[in-house]
Each structure stands twice: as C-alpha cells, then as structure tokens.
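*Asks:* If you scroll down you'll find the structure; I have some questions about it.
Every number in this text was worked out from the coordinates using simple rules, so none of it is lab data. Note that the structure is a prediction, hence the values are computed from the model and not measured. Virtual Cβ from ideal backbone geometry, glycine too; neighbours counted across all protein chains shown.
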Amino acid sequence: MPVWGVWEEDGWHFGFSCGPRSRKARNLATNPRAVVMSTTRWNALSVEGWVAPVVDASRQTKWIDRYLAKYQPFSQDISAEFLHHNLMVEFVPERAFAVIEREADFSARATRWVFGE
C-alpha cells in the first residue's frame, strides 16, 4: 500500500503515518514485517524489514517534524496536530535489493545490501 514517508537524515529508518484503526495499522500490528519500495523508470529498490509504532514522544516529534518539512510545501493542510492523532510508524530495514532495469545493465547491476552486518 503506498504511503507518504521520510527517511532519517542520520540513519536508515523510514517513518510514515496511518490511521490508528486503519486496515494498515491492524495488519502491521498482526505482522510487523514490511517492504518499502521505490522505483523510477530505470531503477528499482526494495527494502525489507519490520515496523513498530513510535511511542516515545520526543522520537514521534522528530518524525513529525521531518514529515512536515517534506510534505507541508505540497499540502498546506497537513499539520502536526493531524499527525499526532494518527499512528506514527517506524520502519527498520534488514536487507535491500536494487536493480537497474535497462536491458544492457540488468544482469550485471542487481545489488543486495544487508543492514547491521
């Protein structure tokens, strides 16, 4: 399911929000395994890991500040108050896969990273 989200400036974690009673929140509470993906016309990235709700107030404020800095210029109606009423979720990566999808580069450009090793 697509989400708006932000990466930490000084780390590898990804933060996003969702409704606290949404299907996404219920699914993640049942199974915290998740995949974050990004793609362009020629490049694809898949990051596998797990998620946890952000319960620490100061950490939640940092995520919300990052989120607002990125998205408020495009959506002025988004606010810290709105985000505080939602569930802030932190994604922690375990491994990532990337590939360049141009035919000439495809077989030689697949890459795998493992975090924490």
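*Asks:* Which value in deg cm²/dmol, rounded to the nearest 500, describes the helix-derived mean residue ellipticity at 222 nm for the chain, given -39,500 (n - 2.57) per DSSP H run of n ≥ 4 and division by the residue count? Don't skip to the end; give the middle numbers.
*Replies:* Numbers: 3 runs with 28 residues, N = 117.
Computed mean residue ellipticity for the chain: -7000 deg cm²/dmol.
*Asks:* Using θ = phi - 60° and the Karplus form 6.51 cos²θ - 1.76 cosθ + 1.60, what ³J(HN,Hα) does each residue of segment 6-14 get, whole Hz, x for Gly and Pro?
*Replies:* 9, 8, 4, 6, 10, x, 10, 7, 10
*Asks:* To continue, here is another question. So what are the ³J(HN,Hα) numbers for segment 82-87, from phi and the Karplus equation (6.51, -1.76, 1.60; θ = phi - 60°), rounded to whole Hz, Gly and Pro as x?
*Replies:* These are the phi-based 3J(HN,Hα) values: 4, 5, 5, 7, 9, 8 Hz.
*Asks:* Taking the number of other C-beta atoms within 10 Å as the exposure measure, put Ser22, Ser38, Ser17 in order starting with the fewest.
*Replies:* Ser38, Ser22, Ser17
*Asks:* While we're here: Pulled fully out, how much extra length does the chain show between Ala44 and Arg23, if you take 0.36 nm times their separation in residues and subtract their Cα-Cα distance? Working shown, then result.
*Replies:* Numbers: separation 21, 0.36 × 21 = 7.56 nm, distance 2.65 nm.
Separation in residues times 0.36 nm, less the Cα-Cα distance, equals 4.9 nm.
*Asks:* Quick one: what Rg and Dmax do you get for the chain from the alpha carbons, in Å?
*Replies:* 15.8, 49
*Asks:* Now for a separate question. How would Phe16, Phe97, Phe74, Phe82 line up from fewest to most surrounding beta-carbon atoms within 10 angstrom? List each step's numbers first, then the result.
*Replies:* Values: Phe16 21, Phe97 15, Phe74 8, Phe82 12.
Listing Phe16, Phe97, Phe74, Phe82 from fewest to most nearby Cβ atoms yields Phe74, Phe82, Phe97, Phe16.
*Asks:* Contour minus end-to-end for Ala57 and Thr111, with contour as 0.36 nm per residue of separation and end-to-end as the Cα-Cα distance? Mind dumping the intermediate values first?
*Replies:* Working: separation 54, 0.36 × 54 = 19.44 nm, distance 3.64 nm.
Computed gain between Ala57 and Thr111 is 15.8 nm.
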